[in-house]
1. Being of a type outside the set (S, T, N, Q), buried (at least 18 other Cβ atoms within 10 Å of the Cβ), touching a Leu at 6+ places or on another chain (Cβ under 8 Å) and more than 23 Å from S37 (Cβ to Cβ) is the requirement here; does A202 meet it?
2. Among the residues of the range 12-31, is any of a type in the set (A, V, I, L, M, F, W, C), under 20 Å from K153 (Cβ atoms) and either crowded, with 16+ Cβ neighbours inside 10 Å or touching a Cys at 6+ places or on another chain (Cβ under 8 Å) (or both)?
3. What helices (runs of 4 or more DSSP H) lie completely within the range 96-195 and have 2 or more residues being open to solvent by less than 70 Å² (accessible area, probe 1.4 Å) and among the acidic types (D, E)?
4. Could you figure out which of (1) touching a residue at least 60 places away in the same chain (Cβ under 8 Å); (2) under 30 Å from G203 (Cβ atoms) isn't true of D143?
5. Looking at the range 205-230, which of the residues that are at pLDDT 90 or above and either in a loop (DSSP other than H, G, I, E, B) or open to solvent by less than 80 Å² (accessible area, probe 1.4 Å) (or both) is nearest to T29 (Cα to Cα)?
6. Quick one: is K49 in contact with a Gly (Cβ under 6 Å, 6 or more places away or on another chain), at pLDDT 85 or above and open to solvent by 10 Å² or more (accessible area, probe 1.4 Å)?
7. Taking I134, is it farther than 17 Å from R40 by Cα and among the hydrophobic types (A, V, I, L, M, F, W, C)?
8. Does the range 32-46 hold any residues that are under 25 Å from K99 (Cβ atoms) and open to solvent by less than 30 Å² (accessible area, probe 1.4 Å), and which are they?
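The values are calculated or read from the model by the stated rules, or taken from the named source; none is laboratory data. What you see is a predicted model, and the numbers here were worked out from it, not measured in a lab. Cβ coordinates were reconstructed from backbone atoms using ideal geometry, including for glycine residues, and neighbour counts include every protein chain displayed. To get the accessible areas, we keep the full protein, side chains included, count just its heavy atoms, and leave off ligands, DNA and RNA. Shrake-Rupley method; radii C 1.70, N 1.55, O 1.52, S 1.80 Å.
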Amino acid sequence: IRKQVIKSLELAINDREKAYFVITGEARTGKTTLALSFIRLLYQLDIVKYDRTATIDAVQLNQVSIEDYGEELKNCNLIIENAGGMTKESIEGLLRFSKGCKGKTCVILEDTVRDINKFLRAREELNGLFNNRIHLGKYNTEDLLGFAYDYIKKEDYGIDKMAAQVLSDKIDEIVREYGNDQRLIRTLKLVEVVVARAEKRAGELILNMAAEGKIRQGNYLVIILEDVTP
């Protein structure tokens, strides 16, 4: 995944007017999670000008017109889930939207490899535009640790060395025991529980110190061994 993201970034940096991407993978492999993170990175690198993002399923998109939401989508990145299901009218609207936002925002199409390949082969104008692709295959422990650390960072937590090793071991167990469609969701549930334990532990510690009238300096936003192995 890392290599694919780096390659996609290089292509985007070399031609900033082509921020059009495809992310493929089976259900529940984190396509939208990756898409949102990728857009944040594009914004931080000044490849796109805006950090707002709208996400819509192709089924919903087929019932409306992108032009009807011109003001809402103005200066906004766009993620289209299950993109292979778009109708001809939706495709035409997407092309007009893309031309109007060229060099400013990002458009990402999501679907399975099979469906997106069939979809793009039949539509030459889109195939030429959306030629920058990231594929989410089977997750290994390292991939899932990346999602876990991203979640921990978003919650403003760090993790110490011993806790990180145990977390890695637990994710390794998930990889051995579950199929690819279950690995990401089980990893994220594990990390949610770990962060919740850390929050509870830190809250109780601060309350106890307050009751004793002794608030000590310290970094309470760090996950430790007992949070991972209750």
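1. On the way: of a type outside the set (S, T, N, Q): yes; buried (at least 18 other Cβ atoms within 10 Å of the Cβ): yes; touching a Leu at 6+ places or on another chain (Cβ under 8 Å): yes; more than 23 Å from S37 (Cβ to Cβ): yes.
Spelling it out, A202 is indeed of a type outside the set (S, T, N, Q), buried (at least 18 other Cβ atoms within 10 Å of the Cβ), touching a Leu at 6+ places or on another chain (Cβ under 8 Å) and more than 23 Å from S37 (Cβ to Cβ).
2. First, pick out the residues of the range 12-31 that are of a type in the set (A, V, I, L, M, F, W, C): 12-13, 19, 21-23, 27.
Next, from what is left, pick out any that are under 20 Å from K153 (Cβ atoms): none.
There is no residue in the range 12-31 that is of a type in the set (A, V, I, L, M, F, W, C), under 20 Å from K153 (Cβ atoms) and either crowded, with 16+ Cβ neighbours inside 10 Å or touching a Cys at 6+ places or on another chain (Cβ under 8 Å) (or both).
3. On the way: elements: 113-121, 124-129, 141-154, 161-177.
It comes to 141-154.
4. Result: D143 passes all but (2).
5. In the first step, residues of the range 205-230 are kept if they are at pLDDT 90 or above; the result is 222-229.
Those left that are additionally either in a loop (DSSP other than H, G, I, E, B) or open to solvent by less than 80 Å² (accessible area, probe 1.4 Å) (or both): 222-225, 227-229.
On the way: V222: 28, I223: 26, I224: 28, L225: 28, D227: 26, V228: 24, T229: 26 Å.
For the range 205-230, the residue satisfying everything is V228.
6. Values: in contact with a Gly (Cβ under 6 Å, 6 or more places away or on another chain): no; at pLDDT 85 or above: yes; open to solvent by 10 Å² or more (accessible area, probe 1.4 Å): yes.
Taking the combined requirement at face value, the residue does not satisfy it.
7. Values: farther than 17 Å from R40 by Cα: no; among the hydrophobic types (A, V, I, L, M, F, W, C): yes.
No.
8. Scanning the range 32-46 gives A35, F38, I39, L42.
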